[in-house]
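First up is the structure itself, then whatever we jot down about it.
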Amino acid sequence: MSIASNLLQIKSELPPQVTLVAVSKTKPAEAVMEAYSAGHRAFGENKVQEMTGKYEQLPKDIEWHLIGHLQTNKVKYIAGFVHLIHSVDSEKLLLEINKQAKKADRVIDCLLQVHIAKEETKFGMSFEEVNKVFASGEFAALENIRIRGLMGMSTNTDDETIVRNEFRSLSQFFNEIRSEIAPPKFDILSMGMSGDYQIAIEEGSTMIRVGSTIFGSR
Ligand SMILES: *Cc1c(COP(=O)(O)O)cnc(C)c1O
């Protein structure tokens, strides 16, 4: 199967409210171009350096999504072009994104990454920390960021019940925040990867991040 046919196959199965981010990390620019030529524009990278390299080489109408952990000292390299940062996991990072977005004369869309998996190593905020961000009001005053929603990753397990329960709890939390305290346009729930995106969609995902099913294993 080719990249283009894998991509079109997934897209043909998606409900209309769900957006696909094609995760091109570790894959060469030519692989991105193959998906681009098939009409795809949204690509995800987990490393700043790799994303800026591909940004420079590839067509400028690509929407670049940063999905991996972002260090504050690297925000400046992507602030001029990044489309959506999925992986905001601290207030300090939000402040830095706002600062760099202001310098670049942009408003940058962000998702707060929430820790829902059992693994210790995965980044993300707790539900409580997310609540604090909205309750503080400080972030409503930041003019160069827009918090568009939440992102989460499930535990890496074959047990579908665990995965489904984690996605369900994030989805419920997302809906609570949205109806209670979230800003306008809080409408993105980024959850689901190659192994679990069908479950994520059933549980309310509006954005899936799929790499290996499109580009092959890494
Ligand atoms: C690598 C990665 C993905 C895509 O993973 P696949 O299993 O290849 O689909 C999605 N989200 C994040 C945060 C990732 O790092």
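Counting only helices (runs of 4 or more DSSP H) that sit wholly inside the stretch 40-139, those with at least 2 residues that are without any contact (Cβ under 8 Å) to a residue 40 or more places away in the chain and among the β-branched types (V, I, T) are 48-57, 75-78.
Is it true that M33 is more than 17 Å from M193 (Cβ to Cβ), over 18 Å from the mean Cα position of the chain (by Cα) and outside any loop (DSSP other than H, G, I, E, B)?
Against the criterion (more than 17 Å from M193 (Cβ to Cβ), over 18 Å from the mean Cα position of the chain (by Cα) and outside any loop (DSSP other than H, G, I, E, B)), M33 qualifies.
A search for C-beta distances below 8 Å between a residue of the stretch 191-218 that is closer than 14 Å to M153 by Cα and assigned to a helix (DSSP H, G or I) and any residue that is β-branched (V, I, T) and near the ligand (Cβ under 9 Å from one of its atoms), counting only pairs 6+ apart in sequence or on different chains, returns Y197/I208; Y197/V210; A200/I208; I201/I208. Could you look through the stretch 146-191, keep only residues that are of a type in the set (D, E) and in contact with a Ser or Thr (Cβ under 9 Å, 6 or more places away or on another chain), and pick out the one that is farthest from E128 (Cα to Cα)? Once the filter is applied, the top-ranked residue is D187. Taken over the stretch 12-30, the criterion of being under 16 Å from G192 (Cα atoms) and in a helix (DSSP H, G or I) is satisfied by E13 alone. Just wondering, is there one or more residues in the stretch 151-174 that are more than 16 Å from the ligand (Cβ to nearest atom), under 19 Å from S126 (Cα atoms), among the polar types (S, T, N, Q) and in contact with a Leu (Cβ under 9 Å, 6 or more places away or on another chain)? Looking for residues that are more than 16 Å from the ligand (Cβ to nearest atom), under 19 Å from S126 (Cα atoms), among the polar types (S, T, N, Q) and in contact with a Leu (Cβ under 9 Å, 6 or more places away or on another chain), one finds at least one in the stretch 151-174, hence yes. Going by the structure shown, is K11 basic (K, R), touching a Leu at 6+ places or on another chain (Cβ under 9 Å) and within 16 Å of the ligand (Cβ to nearest atom)? Judged against the criteria, K11 is a match. Out of I181, I162, I177, one residue alone is in contact (Cβ under 8 Å) with a residue 24 or more places away in the chain and over 23 Å from Y197 (Cα atoms). It is I181.
Specify the residue that is modelled with the lowest pLDDT; the eligible residues are those in the stretch 161-190 that are of a type outside the set (D, E, K, R) and not in a helix (DSSP H, G or I). Ranking the candidates gives A182 first. Within the stretch 175-202, if we keep just the residues that are charged (D, E, K, R) and either over 17 Å from the mean Cα position of the chain (by Cα) or within 10 Å of L150 (Cα to Cα) (or both), the residue that is farthest from the ligand (Cβ to nearest atom) turns out to be E180. Does A42 count as of a type in the set (G, A, S) and either out of contact with any Lys or Arg (no Cβ under 9 Å at 6 or more places or on another chain) or surrounded by fewer than 17 Cβ atoms within 10 Å (Cβ to Cβ) (or both)? So A42 fits the description; yes.
The values are calculated or read from the model by the stated rules, or taken from the named source; none is laboratory data. Here the structure is a predicted model, which means the values were calculated and not measured. In this analysis, Cβ positions are derived from the backbone assuming ideal geometry, glycine residues included, and neighbour counts consider all displayed protein chains.
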